[in-house]
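A.B. asks: Have a look at this one before I ask anything.
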Amino acid sequence: RNRCQWLDFSGNARNCFLTGNPEFYRNIIGKGLRCLLDVPHTEVYRNAHHSLGRFCSQSSQPLSEKIPSLQTSSVGQPPCHFPAWNIQINRSFHTSPSLQAAPVPLFWIIVKPAQKLFAIILGRSIRNWWKALPPNKRELFKESARKNKWKILLGVSSLGVVFVMFYFTHLEETPITGRARLLVFGKEHFRELSQMEYDMWMEQFKNQMLPETDARYQVVERVVGHLSESNKDVPQVSALKWVIHVVDEPGVNAFVLPNGQVFVFTGLLDAVSDIHQLSFILGHEIAHAVLEHAAEKASLVHFLDFLSLIFLTMIWAICPRDSLAVVGQWIQSKLQEFMFDRPYSRTLEAEADKVGLQFAAKACVDVRASSVFWQQMELAETIQGQPKLPEWLSTHPSHENRAEHLDRLIPEALKIRESCNCPSLSGPDPRLIFRLNMQHLLESSKGREAPNSTKQDPSKPKLDFPHT
C-alpha cells in the first residue's frame, strides 16, 4: 500500500501509518480481475551532511506563515491534552496499505492464480505417477537418477544461475536514498491500476468528499502545496501533479496513490496535535510515491511468487496426501510472508519515514514533532487497552521503534532545515513537553490511587504509560 502498512495484503492487525487501501484490492478480486494490488535517479540527499544548501528550493518561508489558518499548539507551555488520546483507534489503523500497489502488471495479476493451479496439478500428477509405478521400475528410475546425478545437479544449478542473473540484471538505484533494489516493473505499469484504484475510492466516498471551500480541505491543500514547492528540486516531486481529496471519515488514515492523488481522512486531522505532525505524515506519504515503493514491492512479490512455484510443485509431489500438501502449502506461504514480505515492508516504511522527514525539514517544519506523534499513538493504544503485537507480525514498525528511529534522524533533519534558511525553532522541544506531560499524568494517577490502594480491584489493570 504503498500503505500505515502504504503496497501488501497481509491482513496485518498492527496499528500502522502510512498508499491505497486493502479493501480496494479485495473489490478488484471480487470483480473478476483476481488481482492483489500490493506500490531517474538522483542523489539529492546522499551527502546531506556535506552539502545541505543545495537541497533547498527558493521558498523557505515558515510553515506557520504559509498556513496561518491552522491552529498550532503553544510551545511556551505544555498542552493540556493530546487529541489522539480521545480517538478510538482500531487495529486496522493505517495510512498506507499493507501493500503499496499492484504486485504485477494486469496480465500477471490475471494469470497468477493459473500459475499456482498449474504447479499444484503438476506436483499432484508427479505424485500419482510415482505411486502407479511398479516396484521394479521405481528401482530402475532411482538407479538412473544416481548415475546421472551430476547432470541433474548441473541442471538445477543452471536454473539457480538464471534466477541470480535475472535478479542482478534488474537491480536499480532508489531515488534520493541510492539504495539498490529489484525493479522488474516501472511506474508506467501502474498508471492504469492507479486510475482503477482512484475511481474506486471516488465511488466509495463520493458522498463524503469535503468541498474545496471547507477549512480542513484548505489546510491539507496548503500543506501539500508547501511540501511540493519546497521540494521541487527533486525531479520525482516536481514531475507529479498532486491532487487533494479530503474524506469526511473518522478513521485515522491517509495515503497517496502512485499517480499523485492524495487522500486524507478527517479522522487524521483530528488525531494530529499541530501542523508539524500533519506535515511530516503527508511528507511520509509523498515519499512512498516519490520512491516508487509500489513498483518495488510489486517486483519483489512477483519474483518471490515465481520462485515459490517450484517449491509448491515439490510440496504437492512429495506429500503423500492432499491434506498434507495443503498444510505444506500454507506453511510455505507463511514462511514467505514473515521472512520476506513483512520485513521488506517495514524496510520501505522506515525509508519513507527518513525521506518524508527530509521533505518536511526543507519545508521549515518542526521535525521534532514527528516522533511525538508516534508516542501519542502508542499512548492512545495503551490507554484503550489494546494488546501490543510483536513487530515481526506487522508490516510496519512498532510505534515505539518508529519514534526511536525518527529521534535518531532528527539531528540530520535539523541540519537540512538550517541549511534552507528556515527561522530558528523557538520554545522547548515538543519531545520534552510530551515527556513532562507523561510524568505529570503518572504522578497524578499515583496520587489518586494512593488513598484507595487497599481497596483497589485486582481485576482492573493499572495504566502503564510509556516514555515516562
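A.B. asks: Take Ala239 and Ala350, extend 7 Å from each Cα along the Cα→Cβ direction, and tell me the distance between the two endpoints in nm.
C.D. replies: About 2.7 nm separates the two model spin labels.
A.B. asks: Roughly what percent of Cα-Cα pairs across region 158-312 reach past 20 Å?
C.D. replies: Tail of P(r) above 20 Å: 57 percent of Cα pairs.
A.B. asks: Also, quick follow-up: What is the percent carbon and sulfur in the accessible area of region 354-400, measuring with a 1.4 Å probe over the protein chains and ignoring ligands?
C.D. replies: That fraction is 60 percent.
A.B. asks: For region 331-415, just say rounded, prolate or oblate: build the C-alpha gyration tensor, square-root its eigenvalues into a ≥ b ≥ c, call rounded for a/c under 1.5, and beyond that prolate if a/b exceeds b/c, oblate if not.
C.D. replies: It comes out oblate by the Cα gyration axes.
A.B. asks: What FRET efficiency, computed as 1/(1 + (r/R0)^6) with R0 = 41 Å and r the Cβ-Cβ distance, is obtained for Glu404 and Phe163, rounded to the nearest 0.05? Before the final figure, lay out each step's value.
C.D. replies: Numbers: r = 37 Å, r/R0 = 0.90.
According to the calculation, E is roughly 0.65.
A.B. asks: Rounded if a/c is under 1.5, else prolate if a/b is larger than b/c, else oblate: which is region 124-167, with a ≥ b ≥ c the root eigenvalues of its Cα gyration tensor?
C.D. replies: Oblate.
A.B. asks: Once region 282-436 is represented by equal point scatterers at the alpha-carbon sites, with solvent omitted, what log10 I(q)/I(0) does the Debye formula produce at q = 0.08, 0.16, 0.18, 0.20 Å⁻¹?
C.D. replies: Normalising to I(0) and taking log10 leaves -0.36, -0.96, -1.10, -1.22.
A.B. asks: Further, regarding this structure: May I ask you to work out the translational diffusion coefficient for region 155-211 at 25 °C, viscosity 0.890 mPa s, via Stokes-Einstein with Rh from the Kirkwood sum over Cα pairs, reported in whole µm²/s? Present the calculation step by step, with values, prior to reporting the outcome.
C.D. replies: Details: Rh = 15.0 Å.
The estimated diffusion coefficient comes to 164 µm²/s.
A.B. asks: Next up: Between rounded, prolate and oblate, where does region 189-234 land on the alpha carbon gyration tensor, with a ≥ b ≥ c its root eigenvalues, rounded for a/c under 1.5, else prolate if a/b exceeds b/c?
C.D. replies: Values: a/c = 5.10, a/b = 1.14, b/c = 4.46.
Taking the square roots of the gyration eigenvalues as a ≥ b ≥ c, region 189-234 is oblate.
The values are calculated or read from the model by the stated rules, or taken from the named source; none is laboratory data. No experiment lies behind these values; they were computed from the predicted model shown. Counting neighbours? That spans all protein chains shown, and the Cβs are built from the backbone with ideal geometry, glycine included. All accessible areas refer to the heavy atoms of the entire protein, side chains included, with ligands and DNA or RNA removed. Shrake-Rupley method; radii C 1.70, N 1.55, O 1.52, S 1.80 Å.
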